Amino acid sequence: MNKAFQIFFILCISLVSVAQNQQRTDSLMSALSNTPDLKDQVTILLELTTQLKYNRPDEALSFVEQALVKSALKEQKLQAYVQMADIHYSGTRYQKAMDYAVKAIDLAGETGNTAYLAEAHRILGRIYMDIGEYGASSDHVYHSLKLFEQIH
């Protein structure tokens, strides 16, 4: 394959992926506006957050904030805390990321949700590594690994 064709092929795949993501986002937005049930709205807001957090983090942050305000279920709040921590971490807002990760750890411990507990510890490990606190980073990453191993 010549190099120009390879670049063209990769560009086409990228465009298809972007179009599919936009279609999924549009579909979720439509579902959100047509869903009267608050619990279902929060589920859709959290899915929108997942869909957008790496490409459009400001929009994702807006959706997860709405989810946090509307959520009545502890599991949804927990998911929102983890999403908030991840988005703030990606934006290098480490203190906010840390605050939400700690909230997630507290709520995960209360609900017994090992997966989100592991994820929150993973995020804290990344934060501590970025700020040069390698001992704390190692502790959180190791704890996260052990939790992920427990749930396979």
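Summary of values
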read-out	value
Listed values (i) 16.3; (ii) 19.2; (iii) 16.9, entry calculated as Kirkwood radius over Cα pairs in Å	(iii)
Cα→Cβ-extended label distance, 7 Å offset, between S30 and I151, nm	3.2 nm
Karplus (6.51, -1.76, 1.60) ³J(HN,Hα), θ = phi - 60°, over the stretch 44-49, in Hz, Gly and Pro reported as x	5, 4, 5, 5, 4, 4
³J(HN,Hα), Karplus 6.51/-1.76/1.60, whole Hz, each residue of the stretch 114-121, x for Gly, Pro	5, 5, 6, 4, 4, 5, 5, 5
³J(HN,Hα) computed for each position of the stretch 135-151 - Karplus, 6.51 cos²θ - 1.76 cosθ + 1.60, integer Hz, glycine/proline x	x, 5, 4, 4, 4, 5, 5, 5, 4, 4, 4, 4, 5, 5, 5, 4, 9
Extension gain, Y94 back to A72 (0.36 nm per residue minus Cα-Cα distance, nm)	5.2 nm
Where the stretch 75-133 is the region considered: accessible area per residue in Å², 1.4 Å probe	42 Å²
Label-point separation, A136 to D37 (7 Å along Cα→Cβ), nm	4.1 nm
Candidates S138, S62, S27, ranked by Gaussian network fluctuation over the chain, Cα under 10 Å, top entry	S27
Proximal lysines relative to K53, as straight alpha-carbon distance under 24 Å, when same-chain residues fewer than 8 apart are discounted	K39, K70, K74, K77, K96, K103
Label point distance in nm, E65-Q22, each placed 7 Å from Cα along Cα→Cβ	2.6 nm
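The values are calculated or read from the model by the stated rules, or taken from the named source; none is laboratory data. Computed from a prediction, not measured in an experiment: that's the story for all the values here. All Cβ positions, glycine included, derive from the backbone under ideal geometry; neighbour counts span all protein chains shown. Side chains included, ligands, DNA and RNA excluded: accessible areas come from the protein's heavy atoms. Shrake-Rupley method; radii C 1.70, N 1.55, O 1.52, S 1.80 Å.
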